[in-house]
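The values are calculated or read from the model by the stated rules, or taken from the named source; none is laboratory data. These numbers were taken from a predicted model, which means no experiment stands behind them. Backbone-built Cβ (ideal geometry, glycine too); neighbour counts: all protein chains shown. The protein model used for the area step is the full one, side chains on, heavy atoms only, and it has no ligands, DNA or RNA in it. Shrake-Rupley method; radii C 1.70, N 1.55, O 1.52, S 1.80 Å.
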Amino acid sequence: MSTFNESKCNYTTLLTDCHLEALKKELHLRERIVIFIQQTDLWELVKQVCVRFHERFVRGNNEQDLLLGPLVVPLEFSYNALRKFDEQVLSQLIREPTYCEKAFREVILSIANTIFTRLEPPFRIRLEQIYCRLRIKLPPQERYLFRTQPQNVPIGLTVFRCVVQGYSSPQTYILQSIWLCPNDPHLVTITGEIRRAPKCDECGTTLQEHQRIRSVSDYCTVRVFSVESLQTPVQVGRIFQSISVRLADDLCQQLRLGYEYAITGVFNPVNQLFNAWAVEEI
Ligand SMILES: [Zn+2]
């Protein structure tokens with residue numbers, strides 16, 4: 001039996017029909033995302049972001065550390081344009097925003113590395129360096145509304161109609177940190193915000209941060225009440241729960257107290273924060 005047949009045989013036993021179906025779906029989503037990016041002005045934008053990344057590297061006298069920096073890609077698109085282009089991608093984005101965001105990052109990584117490997121000197125970056133800022137405003141239709149019912153909170157992409165009760169001042173957070181192994185400085189780990197130094201995958205030694213190339217960004221937290229709760233009479237002994245909204249990066253801004261906003265975003269049940277993707281004053 002040839003090697004080819006052997007490996008084919010192994011794959012057949014490893015991949016059940018169910019796996020294949022899941023893989024096909026994943027590939028299909030990525031394929032649709034590539035086509036969407038190509039057919040809109042996002043293609044030009046991604047190229048510009050990559051060119052600027054490269055220019056910074058050249059200006060920095062080809063300092064290798066600069067190749068470990070974040071590649072921030074603002075992906076702003078309209079609900080109507082995406083709906084017209086591909087209703088399936090839109091509905092998946094609404095149903096599984098975190099999963100779709102990862103798919104976008106993987107697509108951007110492959111576009112970026114195609115560009116970077118054709119440059120002089122050629123190089124590649126990693127998935128951990130890609131930050132897609134997906135920005136889309138959902139229309140405030142009934143089916144998309146974020147509602148805060150106890151034990152039943154939507155975790156897809158929703159639009160939250162709310163009134164601002166208070167906000168924090170802008171804070172800094174670590175977007176990306178670079179860690180080196182003292183035993184082998186070529187082993188580089190890239191992570192986001194962490195509380196404790198990670199350990200080396202190879203030797204288990206505690207890694208040391210490469211402080212000089214830490215990347216930071218801004219965020220602020222806004223405390224809001226849902227518009228719904230303001231329209232419902234208060235019962236004695238009960239109180240409406242306010243929600244914290246996280247406005248990060250380009251969205252870090254102070255909203256106006258007492259004003260109504262439609263905030264599109266994703267609720268994270270673990271830290272109870274509603275992460276904004278777009279903010280609109282009503
Ligand atoms: Zn190590």
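Screening V107, V89, V72, V46 for residues that are outside any helix (DSSP H, G or I) and touching a residue at least 60 places away in the same chain (Cβ under 8 Å) leaves exactly one candidate, V72.
Going through (1) touching a Phe, Trp or Tyr at 6+ places or on another chain (Cβ under 7 Å); (2) surrounded by 14 or more Cβ atoms within 10 Å (Cβ to Cβ) one by one, E193 falls short only on (2).
Looking across the range 201-228 at every residue that is in contact with a strand residue (DSSP E or B) (Cβ under 7 Å, 6 or more places away or on another chain), of a type outside the set (A, V, I, L, M, F, W, C) and not in a strand (DSSP E or B), the one that is farthest from the ligand (Cβ to nearest atom) is identified as R214. Residues in the range 76-85 that are in contact with a helix residue (DSSP H, G or I) (Cβ under 6 Å, 6 or more places away or on another chain) and surrounded by 15 or more Cβ atoms within 10 Å (Cβ to Cβ) were compared, and the one that is farthest from R56 (Cα to Cα) is F85.
Within the range 169-182, residues that are in contact (Cβ under 8 Å) with a residue 40 or more places away in the chain and within 17 Å of C200 (Cα to Cα) sit with their Cβ atoms under 8 Å from residues that are within 14 Å of the ligand (Cβ to nearest atom) and of a type in the set (V, I, T), at 6+ positions apart or across chains, in these pairs: I178/V188; I178/T189.
All conditions but one from (1) surrounded by 12 or more Cβ atoms within 10 Å (Cβ to Cβ); (2) hydrophobic (A, V, I, L, M, F, W, C); (3) more than 16 Å from the ligand (Cβ to nearest atom) apply to V234; the one that does not is (1). For the range 19-30, a residue qualifies if it is under 17 Å from S110 (Cβ atoms) and surrounded by fewer than 12 Cβ atoms within 10 Å (Cβ to Cβ), and the qualifying residues are L23, L27.
Of the candidates E228, E209, E202, the single residue that is of a type in the set (D, E, K, R) and open to solvent by less than 50 Å² (accessible area, probe 1.4 Å) is E209.
Applying the set (1) within 16 Å of the ligand (Cβ to nearest atom); (2) open to solvent by 80 Å² or more (accessible area, probe 1.4 Å); (3) at pLDDT 90 or above; (4) polar (S, T, N, Q) to Q165 leaves exactly one unmet item: (1).
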